[in-house]
1. Being farther than 26 Å from Lys125 by Cα, at pLDDT 90 or above and open to solvent by 50 Å² or more (accessible area, probe 1.4 Å) is the requirement here; does Ile197 meet it?
2. If the requirement is being aliphatic (A, V, I, L, M), more than 18 Å from His138 (Cα to Cα) and either touching a Gly at 6+ places or on another chain (Cβ under 9 Å) or open to solvent by 60 Å² or more (accessible area, probe 1.4 Å) (or both), which of these qualifies: Leu20, Leu28, Leu44?
3. Is the range 134-146 home to any residue that is more than 27 Å from Gln105 (Cβ to Cβ) and surrounded by fewer than 19 Cβ atoms within 10 Å (Cβ to Cβ)?
4. Residues of the range 172-189 being aliphatic (A, V, I, L, M), in a loop (DSSP other than H, G, I, E, B) and within 13 Å of the chain's Cα centre (by Cα), which ones?
5. Tell me which residues, restricted to the range 74-86, are loosely packed, with under 15 Cβ neighbours inside 10 Å and free of Cβ contacts under 8 Å to residues at least 60 places away in the same chain.
6. In this structure, is Gln97 at pLDDT 95 or above and more than 15 Å from Leu44 (Cβ to Cβ)?
7. Which numbered condition trips up Glu39, out of (1) modelled with pLDDT under 85; (2) open to solvent by 30 Å² or more (accessible area, probe 1.4 Å); (3) touching a helix residue (DSSP H, G or I) at 6+ places or on another chain (Cβ under 8 Å)?
8. Within the range 50-62, can one find any residue that is modelled with pLDDT of 70 or more and surrounded by fewer than 15 Cβ atoms within 10 Å (Cβ to Cβ)?
Amino acid sequence: MKFFYKKIYEIICFVYSRVLTVLENYFLRRNFKSKLALETDGFLKITRKSKLNVSKQRFDFILNNNEMSFFSNNYQKKIILSKENLNAIIKLLFDEQFCNFLTSQTGFTYSIDFFGAYQNFPIPKEHIDKPWYANHYHLDKPNSKNMLKIFIPMSEIGMNHGPLELIDINQRKQYLVGGLGDIFLCKLNVCLHKAGIPQDGKKTNLIMIQLNPSRKWNLNANLYKRQFKKEPKFTSLTNKFVRKNLLTKN
């Protein structure tokens, strides 16, 4: 019976994702450039050497400002930003230049629907089979294939810090290694991925932001409260009535 329900859920996720993707492409996409990296690879790294002003900013103040935090499970800690600091990061990152850059890459304007700041810790071998923090390969179902995630290191992330591992559209393995000022753009319903496990004595300090196509650049009114919860599924249904705050001129 459990297997049956799992299959039914997988079918619902597949149909929902496929239909939502088609609707977004038809009604929300402004243009389409198939040769850009996000479409050909599903992955793009913006280095601190980028001309984007935002990539030169530092996000380490989050770790040094005594933000609220709690362990969501034995091996992951959530950092809850104050409303003031959360708004400051959103304002710093999503300026008009960066928003225009994202639209030029994908053809979409977006709603910022989820924000999470995390610290992932080593998992002992006897517990490694359990998905403590998405540490097994998966796709982000049932989200649209147009959903975009932004990852921002809060400190240096090398191979021994447990970087996100991603199989891009061309079946190449990518590791999200980098440091302050780097930004990673990922389409995680088309690229298999998992959270890497840090080596003993190391940890991953990472921000993740979920973007969903929208008619204009919006900010989810529940963004602060959602830090305390798991990332929502079926996001276009749950977010429809809480996208309120205009970020930039459209």
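The values are calculated or read from the model by the stated rules, or taken from the named source; none is laboratory data. The structure displayed is predicted, hence computed values, not measured ones. Cβ placement follows ideal geometry from the backbone for every residue including glycine, while neighbour counts extend to all protein chains displayed. For accessibility, only protein heavy atoms count, side chains too; no ligands or nucleic acids. Shrake-Rupley method; radii C 1.70, N 1.55, O 1.52, S 1.80 Å.
1. Values: farther than 26 Å from Lys125 by Cα: no; at pLDDT 90 or above: yes; open to solvent by 50 Å² or more (accessible area, probe 1.4 Å): yes.
Considered against the rule, which asks whether it is farther than 26 Å from Lys125 by Cα, at pLDDT 90 or above and open to solvent by 50 Å² or more (accessible area, probe 1.4 Å), Ile197 comes out as no.
2. Values: Leu20 fails: either touching a Gly at 6+ places or on another chain (Cβ under 9 Å) or open to solvent by 60 Å² or more (accessible area, probe 1.4 Å) (or both); Leu44 fails: either touching a Gly at 6+ places or on another chain (Cβ under 9 Å) or open to solvent by 60 Å² or more (accessible area, probe 1.4 Å) (or both).
Matching residue, one of Leu20, Leu28, Leu44: Leu28.
3. Filtering the range 134-146 down to residues more than 27 Å from Gln105 (Cβ to Cβ) leaves 135-136.
Those still in the list that are surrounded by fewer than 19 Cβ atoms within 10 Å (Cβ to Cβ) too: 136.
Yes: the range 134-146 contains one or more residues that are more than 27 Å from Gln105 (Cβ to Cβ) and surrounded by fewer than 19 Cβ atoms within 10 Å (Cβ to Cβ).
4. Start the filter on the range 172-189 by keeping residues that are aliphatic (A, V, I, L, M), which leaves 176-177, 180, 183, 185, 188.
Checking which are in a loop (DSSP other than H, G, I, E, B) leaves us with 176-177, 180, 188.
Within the range 172-189, Leu176, Leu188 meet the criteria.
5. Of all residues in the range 74-86, those loosely packed, with under 15 Cβ neighbours inside 10 Å come to 74, 82-84.
Scanning the range 74-86 gives Asn74, Ser82, Glu84.
6. Working: at pLDDT 95 or above: no; more than 15 Å from Leu44 (Cβ to Cβ): yes.
Spelling it out, it is not the case that Gln97 is at pLDDT 95 or above and more than 15 Å from Leu44 (Cβ to Cβ).
7. (1)
8. So far as the range 50-62 goes, no, none of its residues is modelled with pLDDT of 70 or more and surrounded by fewer than 15 Cβ atoms within 10 Å (Cβ to Cβ).
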